[in-house]
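In what follows, a structure is listed as structure tokens, so that the remarks can point back to it.
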Amino acid sequence: GVEPIYLSFLTLRECLEAYVLKENLGRSDPVFCSRCQSYQTCAKQMTMHELPPTLTFQLKRFCQQPSTKRWYKNKSHISFPLDGLDLSAFSKQQQTKMAIEKNGEKTGSSFSYPQLYDLYSVIVHKGTLENGHYICYIRKKSQWYKCDDSIVMMTTKHEVLESEAYLLFYARRTIRQR
């Protein structure tokens with residue numbers, strides 16, 4: 001069968017770039033314009049006005065096949081950085097600053113970029129759609145730990161990076177001691 005397009009993304013950055021792409025809604029989804037009092041074709045785009053101190057990314061692991069309506073678990077590996085995830089290009093404030101500077105104007109430089117984030121936890125779903133188990137990886141300073149029910153053990157960053165992540169938790173570098 002045909003797989004949905006999001007299964008082709010290999011990195012967290014590619015997922016984010018796809019999330020903020022402008023989408024033309026076309027003639028089948030007109031929007032009523034109160035100013036001109038008629039239906040208009042338009043586009044929509046997701047943006048992040050201001051980046052928060054902590055971020056949680058949910059990777060879509062449970063999917064429905066459009067043609068059969070059957071649910072399945074997406075096991076595609078999505079790579080993600082442990083440190084230095086730079087999200088400044090996704091911030092509306094940064095986009096505004098770059099546009100102002102491109103036009104030769106001064107910004108007053110109240111912007112504090114780049115916006116770097118470090119991973120501090122990962123949740124993984126092991127198993128199938130019908131039957132599974134969640135485990136968690138957490139980082140304390142530079143050491144990673146694997147939490148599996150009542151068992152907590154040291155692990156490697158390699159194991160974290162190779163995991164089938166479901167949830168990723170990042171903290172802005174300025175608020176987290178490394």
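Just to be sure before I move on: is Glu3 under 28 Å from Glu162 (Cβ atoms), in a helix (DSSP H, G or I) and either at pLDDT 85 or above or not aliphatic (A, V, I, L, M) (or both) in the structure I sent? The answer is no for Glu3. Taking region 14-51 as the region of interest, how many residues are within 28 Å of Ser76 (Cα to Cα) and either in contact (Cβ under 8 Å) with a residue 24 or more places away in the chain or among the hydroxyl-bearing types (Ser, Thr, Tyr) (or both)? Result for region 14-51: 10. Does Tyr145 fit the bill of being in a strand (DSSP E or B) and under 17 Å from Thr56 (Cα atoms)? When the stated conditions are applied, Tyr145 does not pass them. Confirm whether Arg176 is open to solvent by less than 80 Å² (accessible area, probe 1.4 Å), within 17 Å of Phe57 (Cβ to Cβ), charged (D, E, K, R) and at pLDDT below 85. The answer is yes for Arg176. Cβ-Cβ distances below 7 Å connect the following pairs, each with a first residue in region 142-161 that is without any contact (Cβ under 8 Å) to a residue 40 or more places away in the chain, a second residue that is part of a loop (DSSP other than H, G, I, E, B) and open to solvent by 60 Å² or more (accessible area, probe 1.4 Å), and a separation of six or more residues or different chains: Trp144/Thr156. Which of the following residues is open to solvent by less than 60 Å² (accessible area, probe 1.4 Å) and either touching a Ser or Thr at 6+ places or on another chain (Cβ under 6 Å) or not in a helix (DSSP H, G or I) (or both): Val160, Val152, Val122? Going through Val160, Val152, Val122 in turn, just one is open to solvent by less than 60 Å² (accessible area, probe 1.4 Å) and either touching a Ser or Thr at 6+ places or on another chain (Cβ under 6 Å) or not in a helix (DSSP H, G or I) (or both): Val122. Applying the condition of being within 17 Å of Gln143 (Cβ to Cβ) and not in a loop (DSSP other than H, G, I, E, B) to region 163-173 and asking which residue is modelled with the highest pLDDT yields Phe169. Note on region 125-149: among residues that are touching a Lys or Arg at 6+ places or on another chain (Cβ under 7 Å) and among the aliphatic types (A, V, I, L, M), the one that is most open to solvent (accessible area, probe 1.4 Å) is Leu129.
Of everything listed in (1) open to solvent by 30 Å² or more (accessible area, probe 1.4 Å); (2) under 16 Å from Arg172 (Cβ atoms); (3) not in a loop (DSSP other than H, G, I, E, B), the single unmet condition for Leu55 is (1). Return the residues of region 68-91 that are surrounded by 12 or more Cβ atoms within 10 Å (Cβ to Cβ) and not in a loop (DSSP other than H, G, I, E, B); say none if nothing qualifies. Answer for region 68-91, where residues must be surrounded by 12 or more Cβ atoms within 10 Å (Cβ to Cβ) and not in a loop (DSSP other than H, G, I, E, B): Tyr72, Lys73, Ser79, Leu85, Asp86, Ser88, Ala89, Phe90, Ser91.
The values are calculated or read from the model by the stated rules, or taken from the named source; none is laboratory data. What you are looking at is a predicted structure, and each value in this text was computed from that prediction instead of being measured. In this analysis, Cβ positions are derived from the backbone assuming ideal geometry, glycine residues included, and neighbour counts consider all displayed protein chains. Surface areas here come from the heavy atoms of the whole protein model, side chains and all, with no ligands, DNA or RNA. Shrake-Rupley method; radii C 1.70, N 1.55, O 1.52, S 1.80 Å.
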